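Reviewing the structure listed below.
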Amino acid sequence: MSSYNPLILLSYAGIAGLWVGAQLIDIPYVANLMILVTSILYAACHWSLTLREEQALARGESPPKEKDADGKDKESDDAKEEEEERPQYETLTSKDAMQFPLLGSASLFGLYCAFKYFDKETVNLIISVYFCLVGVAALTATFGPALESVGPTFLSNELRLKHFLPESVAGKSPWIFNVSDILALMGSAAFSAVYFQTKHWTMNNVFGICFCLQGIERFSLGTYKIGAILLVGLFFYDIFWVFGTEVMVTVAKSLDGPIKILFPRSLVPDATTGKLEMSLLGLGDIVIPGFFLALLLRFDAHNANVAYFPTNVHASFPKPYFHSALVGYVLGLATTLYVMIVFEAAQPALLYLVPACLGSSLLCAAVRGEMKELFDYSEEEEEEEEEEKKKDEADKKKD
């Protein structure tokens, strides 16, 4: 009988419970925010362990084969297909990490100019269409597997949609769906259509939570060094655009889309506007540190020699780096909220989250005497690693 990690189940229960409860009773928004974000991070980071299996397959490793009655390895068409079609995965490079704050700044300023010089409703309409389409994919990816795991067995049946080209030219169709995925797609499309019409805050939060879960589960920073470069770059990005200009706050308040999670301060509408007073947290303040925490959890799994095949997100193993960074994140988020409440002004959350995440992980490595192991750990493909080494050697020769 397979065992489950009770904290993962508790995290999902917390996410669902807070989503429902916040509509029925006044939950202090600070408690709501802290518990919801922690639950999202815990669940998403553990599901990111599935990346270890994909990375192993991409390196050419194979899962152990099933045995037949005679004790010999079984050969199946599915196994042959997997060997022929080695999965590809992408990680962030050092160059990408350094450019990210610049690209983010360009996008942010572009949105600011769009809201300032064009009709706000038209801009929001275009953005809403985009997020509704992307949201359908995120909802399907989140609820499809959930339906398969709790529903009847026929939901796991696979359907392969054929493409229009001959197999001799384009090979077999890559479009393979479970029945559960198709049902989830239909429900997600209906949900997105209702959200597009109503823009209700609870539906906004469903999109936001799914974006966070899917983003953290599926993306790898590659190495600790790359993660640190990204966090430090966004640390200065956040400070500049929040404290140095009105751009960040203006875009956050003007953009009517699921780029943030909303927390009602009270369920009683404001007498003047007729709307609920909301606090918000941008998805970037969850997802970016989430990438870093997920990398540390996979580093913990690597240190504990957790098997790549089969991936078990509920596996029990020591998680010192993940737990220390998660505690650091929670303390950083609590500090952000405290300063925001005391000074009654918007705060760049990464100002507090980045030192908390980096500091806690480095402190853990120093205490354990594993600083070299932490910086040597890599999830990049071998070709990328070799290219970076060659570049470093060439730079040294030039110097």
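The values are calculated or read from the model by the stated rules, or taken from the named source; none is laboratory data. In this text the structure is predicted, and so the values were computed from the model without any measurement. A quick note on method: Cβ atoms are made from the backbone with ideal geometry, for glycine too, and the neighbour counts reach across all protein chains shown. For the accessible areas, the whole protein counts, side chains as well, though only heavy atoms, and no ligand, DNA or RNA atoms are used. Shrake-Rupley method; radii C 1.70, N 1.55, O 1.52, S 1.80 Å.
Identify, from the list 238, 256, the residue that is buried (at least 19 other Cβ atoms within 10 Å of the Cβ) and among the acidic types (Asp, Glu).
238
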Out of (1) at pLDDT below 90; (2) on the phi > 0 side of the Ramachandran plot, the odd one out for residue 270 is which? (2)
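Considering only residues of the stretch 172-200 that are modelled with pLDDT of 80 or more and open to solvent by 90 Å² or more (accessible area, probe 1.4 Å), which is nearest to the chain's Cα centre (by Cα)?
186
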Applying the selection to the stretch 342-369, what residues are more than 20 Å from residue 284 (Cα to Cα) and open to solvent by 30 Å² or more (accessible area, probe 1.4 Å)? 342, 343, 344, 362, 363, 366, 367, 368, 369
Taking interchain pairs and intrachain pairs at least six residues apart, which have beta carbon atoms under 7 angstrom, with the first residue in the stretch 360-371 and free of Cβ contacts under 8 Å to residues at least 12 places away in the same chain and the second open to solvent by less than 70 Å² (accessible area, probe 1.4 Å) and assigned to a helix (DSSP H, G or I)? 371/365
Just to be sure before I move on: is residue 298 under 20 Å from residue 378 (Cα atoms) and of a type in the set (Lys, Arg) in the structure I sent? yes
Residue 169 vs. criteria modelled with pLDDT under 95, open to solvent by less than 60 Å² (accessible area, probe 1.4 Å) and aliphatic (A, V, I, L, M): no
When the stretch 90-125 is checked residue by residue, the ones that are of a type outside the set (A, V, I, L, M, F, W, C), in a helix (DSSP H, G or I) and either open to solvent by 40 Å² or more (accessible area, probe 1.4 Å) or over 21 Å from residue 228 (Cα atoms) (or both) are 95, 96, 99, 107, 110, 112, 116, 117, 120, 121, 122, 124
Pick from the stretch 112-141 the residues that are polar (S, T, N, Q) and farther than 15 Å from residue 194 by Cα: which of them is farthest from the chain's Cα centre (by Cα)? 122
Residue within the stretch 277-284 that is in contact (Cβ under 8 Å) with a residue 24 or more places away in the chain, within 30 Å of residue 61 (Cα to Cα), open to solvent by less than 60 Å² (accessible area, probe 1.4 Å) and touching a Leu at 6+ places or on another chain (Cβ under 7 Å) present: no
Does the stretch 303-323 contain at least one residue that is of a type in the set (A, V, I, L, M) and touching a Cys at 6+ places or on another chain (Cβ under 9 Å)? no
Name, by its number, the condition in (1) in contact with a strand residue (DSSP E or B) (Cβ under 9 Å, 6 or more places away or on another chain); (2) at pLDDT 95 or above that does not hold for residue 349. (2)
Candidate set: the stretch 304-341, residues that are in a loop (DSSP other than H, G, I, E, B) and among the hydroxyl-bearing types (Ser, Thr, Tyr); chosen: the one least open to solvent (accessible area, probe 1.4 Å): 311
Flagged in the stretch 355-378 as modelled with pLDDT of 95 or more, small (Gly, Ala, Ser) and more than 25 Å from residue 236 (Cα to Cα), in numbering order, are 366, 369
Please give the helices (runs of 4 or more DSSP H) falling wholly within the stretch 1-89 in which 2 or more residues are at pLDDT 95 or above and surrounded by 15 or more Cβ atoms within 10 Å (Cβ to Cβ). 6-24, 29-47
